[in-house]
Amino acid sequence: MEQESKQKPEKNEDSNPDKTTQWIDKAEEFIDDAADKIHQSDAYRKAGKSVESATKKIFRQAGKWWGKSQQHLKK
């Protein structure tokens, strides 16, 4: 029966906690910059206005249906 050899894990240069923290910080900075660019874009503003308009229409229609259902329930 073969014995399992206990090997120490090789030290990887990338496993340095300081380097990992630096990578995380860089990634967060990149994400924040990208998010800022998206929020400032015209397409984002137009999409926001479009969603707001659609939401208003949906709630107005729902209000009309609710009002009609109340009228029918009273009869």
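The values are calculated or read from the model by the stated rules, or taken from the named source; none is laboratory data. All values reported here derive from a predicted model rather than from experimental measurement. Cβ sites come from the backbone with ideal geometry, for glycine too, and all protein chains shown count toward neighbours.
Out of the residues in the stretch 6-51 meeting the condition of being surrounded by 10 or more Cβ atoms within 10 Å (Cβ to Cβ) and more than 28 Å from the chain's Cα centre (by Cα), tell me which one is modelled with the highest pLDDT. The residue in question is N16.
One residue alone among Q70, Q61 is in a helix (DSSP H, G or I) and at pLDDT below 90, and that residue is Q70.
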